[in-house]
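What follows is a set of notes on a single structure, which appears directly below.
The values are calculated or read from the model by the stated rules, or taken from the named source; none is laboratory data. It should be emphasised that the depicted structure is a prediction, and the values quoted were computed from it without experimental measurement. Cβ coordinates were reconstructed from backbone atoms using ideal geometry, including for glycine residues, and neighbour counts include every protein chain displayed. Calculation scope for accessible area: heavy atoms of the full protein, side chains included, ligands and nucleic acids excluded. Shrake-Rupley method; radii C 1.70, N 1.55, O 1.52, S 1.80 Å.
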Amino acid sequence: MFEPPWTDPADLVGSLKRDGKAVLAPAALGVLGVSDAALDALKPCWDDLPPDGYLRDGGRYRFRRHGCFIADGGTLTLAPHRAHWQPLDYNALHGGLQRWYVPLEQAMVASPVWSALLLNLARVTSALRGEQAWFIEAHPFRIDTSDGIGRPTPEGAHRDGVDLVAVLMVGRHNIKGGESRVFEAAGPAGQRFTMTQPWTTLLLDDQRLIHETTPIQPLDVAQRGWRDTLVITLRSGGFQGPREG
């Protein structure tokens, strides 16, 4: 496995502007106003994720919830629950489909570390794009190996149609694979690495880079394996919806 290309937290915004990405070690999360120890309080929420009933490849390996927020002027507001939607241009497998997922658990939404994380991600995105309101979608995922293989990104290498994507590693259990791959959207350069430490955080300028994660398989086939992540996207101008398709 390739070690992540760690970013100096003091160079977080500079790295995003220069390279379109940053990878923060768990010990460096103070730059986002949180700590790995504080984020650990959210981990039980991954044990109660409903199955994703929208997988068009027929798989049963993905579990998730979904929530929407607006960060504006240092204030975070929970938005009314809505469908997750992406255009076909960004998601050839599930694009154009209104996907209604079960809302985030109240324990997650009400946690102080949750608000701190989202507001600081908004601050970073404003440093990248300019001060403004940010429309945030949050997706806790569990990909499991109960069918022998799990696909974190069944749509393949893609963009999300947003300004910033944050991928936080929550935990891995009895798996191999799950390698993160990041490529220039308009060039040949790319990197591959595996996030193994809980709360390792990958930040991506979605306008410049495409990303994917390779499938996972169990280390011990007699036991279930899984990979838990938190994906947070921030977008200017509003949430994505069918009218923009």
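Structural remarks
- Residue order for 61, 54 - accessible surface, 1.4 angstrom probe, largest first: 54, 61
- The solvent-accessible area of residue 146, taken with every protein chain present and a 1.4 Å probe, is close to 70 Å².
- Residues whose amide H comes within less than 5 Å of that of residue 171, counting only those at least five positions distant or on another chain, are 228 (H built at 1.01 Å from N in the peptide plane).
- Its DSSP H runs of at least 4 residues, each contributing -39,500 (n - 2.57), put the calculated 222 nm mean residue ellipticity of the chain at -4000 deg cm²/dmol, to the nearest 500.
- Across region 165-236, the relative contact order, built from alpha-carbon pairs under 8 Å that are at least six residues apart, equals 50 percent.
- Net charge of neighbours whose Cβ lies under 12 Å from the Cβ of residue 22, counting Lys and Arg as +1 and Asp and Glu as -1: -1
- Region 1-116 pair-distance distribution - Cα-Cα, 5 Å bins, rounded %: 2, 9, 13, 14, 18, 20, 18, 6, 0
- Surface per residue (accessible, 1.4 Å probe) for the chain, Å²: 43 Å²
- Phi-derived couplings, Karplus 6.51 cos²θ - 1.76 cosθ + 1.60 at θ = phi - 60°, listed residue by residue for region 22-32: 7, 10, 9, 6, x, 6, 9, 6, x, 5, 9 Hz, with x used for Gly and Pro.
- Shape box of region 200-245 [Cα atoms, principal axes, largest first, Å]: 47, 24, 16
- Using θ = phi - 60° in the Karplus curve 6.51 cos²θ - 1.76 cosθ + 1.60, the 3J(HN,Hα) couplings for region 140-145 round to x, 10, 10, 10, 10, 10 Hz; x is entered for Gly and Pro.
- Efficiency of FRET from Cβ geometry, residue 146 and residue 236, R₀ 35 Å, rounded to 0.05: 0.35
- Histogram of C-alpha separations across region 116-166, 5 Å bin width, %: 4, 15, 21, 19, 12, 13, 8, 4, 2, 0
- Reciprocal of mean inverse Cα separation for region 128-245 (Kirkwood radius, Å): 15.3 Å
- Backbone N under 19 Å from the residue 55 label point (7 Å along Cα→Cβ), restricted to region 146-190: 146-158, 170-180
- Note on the chain: percent of Cα-Cα distances in each 5 Å bin, starting at 0 and stopping at the bin with the largest distance, equals 1, 6, 14, 19, 21, 19, 13, 5, 1, 0, 0.
- Given R0 = 41 Å, the distance between the Cβ atoms of residue 11 and residue 223 translates into a calculated FRET efficiency of 0.50.
- Paramagnetic label zone (point 7 Å from Cα along Cα-to-C-beta, residue 98; backbone N under 18 Å) in region 213-245: 239-245
- Calculated from backbone phi, Karplus (6.51, -1.76, 1.60) coupling profile of region 5-10 in Hz, x at Gly/Pro: x, 4, 9, 5, x, 5
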